[in-house]
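Report on the following structure.
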Amino acid sequence: LVGEFVRVETDPDHPAVAVVRIDRPKALNALNGQVTGEIAVAATRVAADASVRAVVLYGGERAFVAGADIKEMAELTHAQMLEYSRALQNALTSVARIPKPVVAAISGYALGGGCELALCADFRVAGEKARLGQPEIQLGVIPGAGGTQRLPRLVGPSRAKEMVFSGRHVRAEEALRIGLVDEVVPDAEVYSAGMAMAARYTDGPAVALAAAKEAVDRGLETDLDTGLEIERLQFSGLFATEDQKTGMRSFIEHGPGKATFQ
Ligand code: HXC
C-alpha cells in the first residue's frame, strides 16, 4: 500500500510482479501533486523490494492517466510551475529508473502526463479502444513531463513532432504501427496481457536484466562510444554475479536455456 490514489498490489497468480495501481477515477487518474508524490514513493518501493521482479503500471479500465491535473495547474505562476514540473519529471524518472522490467497496461486514455508515464515503462500493451497522445498544445502549452524527449526517442522526431504539434489522440492500432505501443489486445484483456508480459521476466536473471536495462537506457542518452563503454562495464560487472556462474555452468553441463536463476 502507498497512498490514497496509488497502491502497490500483488496479484496472487503472479506474486513476483508488483502492480502500481493508479486509482483516482473521478478525474480519470489525472496527476495532481499528491498522485505524483505517491507514484514516486511507489516507484522507490518496487525498485527496492527484492521480491519484486517485474512491474505493471495500471490505471483501471476507463483511463490509464488523462494527464497532469489541469484544474490544479491552471492558476500556477511561472515559479510554482518550475517546481511542479520538476516534481512530475522526477517522479516519472524514478519510474523509468526502476531496475526491473516495467510494463504499462493501457486501457482508455493515456494523454499528456499519462502518455509520458507510459513512455517510462519498458513495454506498453494497449486495449483496442485506448487513446494515446500529447494534447498539451491545445492548452497553449507543451509536454512537460518528458514528452518532448522520450517520445521522439521512441517513435522518431517527425512522428513525435506531428503528435505534439497537433495534440491529436492516437488510436491503439496506429500506436502499434509507429512503435508507441508493443501489443494491442481486446480491452477486457489489458490487465492480464500486461501481467503476462511482465511475468516473462520474473525468473531472472535479475541482475543481468537490470544491467541490460541500464545499458540500453543510459546508452540512448549518450554517444555511441560512451554507450559501448557503459555496455562493456555492465557486461564485465556481471562476471561478479552468481547469475553468470549459474548461466554459463548450466550451458556447459546441460546445453542452452536450461539455467534456473535465483
Ligand atoms: C483534470 C481532468 C483531466 C485532467 C479529465 N479530467 N482529465 N481533470 N485534469 N487532465 C476530469 C474532467 O474534468 C471530469 O471531471 C472527469 O475527469 C471526467 O472527464 P470528462 O472530460 O467528463 O470525460 P470524457 O468526456 O470521457 O473525456 C475524456 C478526455 C477529457 C478526452 C480524457 O477529459 C480530456 O481531454 N482530458 C484532458 C486531457 C489533457 O489535456 N491532458 C493533458 C493535460 S496537461 P468533472 O469534475 O467534470 O466530472 C499535461 C501536462 C504534463 O499532462 C506536464 C506537466 C508538468
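General remarks:
- Segments classed as helices (runs of 4 or more DSSP H), wholly inside segment 7-111, with at least 3 members that are closer than 27 Å to LEU209 by Cβ: 33-48, 78-96
- Counted residues, segment 234-258 - those being free of Cβ contacts under 8 Å to residues at least 24 places away in the same chain and either within 25 Å of the chain's Cα centre (by Cα) or in a loop (DSSP other than H, G, I, E, B) (or both): 5
- Looking across segment 60-72 at every residue that is of a type in the set (A, V, I, L, M) and crowded, with 21+ Cβ neighbours inside 10 Å, the one that is farthest from the ligand (Cβ to nearest atom) is identified as VAL65.
- Top-ranked residue in segment 114-140 [being within 12 Å of the ligand (Cβ to nearest atom) and of a type in the set (Asp, Glu); ranked as surrounded by the fewest Cβ atoms within 10 Å (Cβ to Cβ)]: GLU136
- Any hit, segment 97-118, residues being in contact (Cβ under 8 Å) with a residue 40 or more places away in the chain and more than 24 Å from ALA198 (Cβ to Cβ): yes
- In summary, GLY133 fulfils each of the numbered conditions (1) more than 22 Å from SER94 (Cβ to Cβ); (2) over 16 Å from the mean Cα position of the chain (by Cα) with the single exception of condition (2).
Values in this text are rule-based calculations from the coordinates and carry no lab data. These numbers were taken from a predicted model, which means no experiment stands behind them. All Cβ positions, glycine included, derive from the backbone under ideal geometry; neighbour counts span all protein chains shown.
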